[in-house]
Structures are given as structure tokens and as C-alpha cells.
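What follows is a set of notes on a single structure, which appears directly below.
The values are calculated or read from the model by the stated rules, or taken from the named source; none is laboratory data. Keep in mind it's a predicted model, so treat the numbers as computed, not measured. Glycine also receives a Cβ, built like all others from the backbone with ideal geometry; neighbour counts cover every protein chain displayed. Accessible surface areas use protein heavy atoms only, side chains included; no ligands, DNA or RNA. Shrake-Rupley method; radii C 1.70, N 1.55, O 1.52, S 1.80 Å.
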Amino acid sequence: MLEFRNKRVLSILTLIFSFTQVTDSTNGTYKTGSCETGLVPYRAISTVDGKEIAYFECGWTLTRSFIRCLLQFLIVITIIILFVLYAKKKRSQFLILLITLLLLGGAGFYSFISDASALKSSYDYCNNDSTFYVVGKELQFGRFYGTLALNVLTTFSVFFISIFAFTKRNKLFDVRDHPQDIHQQFDIGSKQITDPKNPLLIKGNEAYGSI
């Protein structure tokens with residue numbers, strides 16, 4: 001179950017990155033409201049003689065952030081419940097929730113593809129001076145690439161660990177035949193049993209009458 005714990009950490013990191021990239025900010029004359037007119041996310045720096053004089057940062061759209069955060073939050077909650085069900089040996093409920101986690105991993109692929117498409121469009125938009133011009137423009141996409149990387153890493157991890165756990169479900173819950181129990185049943189059947197009211201001696205599959 002250590003693998004599930006690692007996936008929970010990845011989801012929490014993705015949530016932290018996402019929450020810090022929702023709002024728009026600037027310390028220059030470029031108003032944050034202008035983020036609504038362009039393709040986001042991006043962070044642009046205006047430099048003069050190699051010195052930064054202003055920065056303009058537009059975060060992810062509310063829709064993109066909401067979908068990503070919702071999925072990661074559900075993944076964290078699902079993994080916590082899976083730990084509880086595993087500890088209580090609730091096999092059926094565990095497997096049902098494991099399938100739910102697999103579906104969340106599949107939804108994560110949609111979130112990743114949408115984020116990657118938005119980031120690609122934003123990069124092309126910012127690199128075009130005819131649509132986005134800033135004096136001494138320098139673009140910084142590192143933090144957004146970080147969010148994208150965490151998102152896809154979490155998605156792949158959740159997806160594949162769910163499949164792995166499902167295929168190893170019997171081993172996880174120690175479901176197997178116990179030969180010793182079968183031998184004990186045969187030993188009990190081979191013992192002699194005497195009924196005091198009926199002098200009939202039973203031994204194995206043979207019956208002996210008392211004379």
C-alpha cells in the first residue's frame with residue numbers, strides 16, 4: 001500500500017501548484033484584467049538593460065483549475081478511504097473503490113490533454129509580438145510546466161497502480177486455499193465416533209455392528 005501513499009503525495013503537490021496559479025498578478029502598468037483578452041496561462045517579464053522592471057502573470061482559467069483540483073481532491077479522498085477499507089479487510093468495497101480510482105485516473109488524462117493544449121496555445125500567443133507585445137519581453141513557463149508534469153505523473157501513477165492492485169487483489173487480502181484445513185477435515189472424518197444409545201461404531205466409511 002506504499003504506492004497509494006506516494007500517489008496521495010503527488011496529488012497534494014498538484015493541488016498546491018494549482019492553487020498558487022489561479023489568480024492573476026502584476027507589478028507593472030499592464031492590468032490583470034488584460035488576462036481575459038489573451039490565451040493563458042503565462043508569465044511575462046519586461047526588462048530594460050537586462051533588469052526586470054515589471055512582470056505580468058496570468059494564471060490558468062477557472063475552468064481548467066477547477067477540473068484539475070476537483071480530480072486531485074477526489075483522488076486523495078479515494079486513496080484515504082482505500083487505506084481504511086484495506087485495514088478493515090473490506091475486500092468487496094475495496095475493489096469497487098479501486099475501480100472508481102481507475103476511472104478518476106482516466107479522467108485525469110482528459111485534464112492533462114486540456115491543460116497541455118491550453119499551455120501550447122498560450123506559448124504560441126505570447127511569442128507572437130503582433131498579439132502580445134511587452135518591452136524587453138521574457139517569457140517564463142516553468143511553473144506551469146511543473147503543474148502539467150505533476151498532473152500527468154499523478155494520472156499515470158493512479159491509472160497503472162489501480163490496475164496493478166486489481167490484478168494482485170487476492171494477494172493483498174491473502175485469499176488462497178489452505179491445504180492444512182482440508183487435511184484437518186479428513187482427520188476429523190476418520191476418527192471413531194460411538195453413539196451410546198446405538199452400539200454402532202463408525203470408522204471412516206465403514207460401519208461395524210456391536211455383537
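Work out Dmax and Rg for the stretch 38-176 from the C-alpha atoms and quote the Rg first, both in angstrom.
Final numbers for Rg and Dmax: 20.9, 73 Å.
Cα-based Rg (one decimal) and Dmax (whole number) for the stretch 93-174, in Å?
19.2, 66
Loop-only check: which chymotrypsin sites (Phe, Trp or Tyr not before Pro) in the stretch 75-159 are DSSP coil with at most 16 other Cβ within 10 angstrom?
Tyr133, Phe141
Of Lys51, Lys90, Lys137, which has the most accessible area with a 1.4 Å probe, and how do the rest follow in descending order?
Lys51, Lys90, Lys137
With the full set of protein chains in place, find how many percent of the accessible area of the stretch 61-172 is carbon and sulfur; take the probe as 1.4 Å.
C and S fraction of accessible area: 69 percent.
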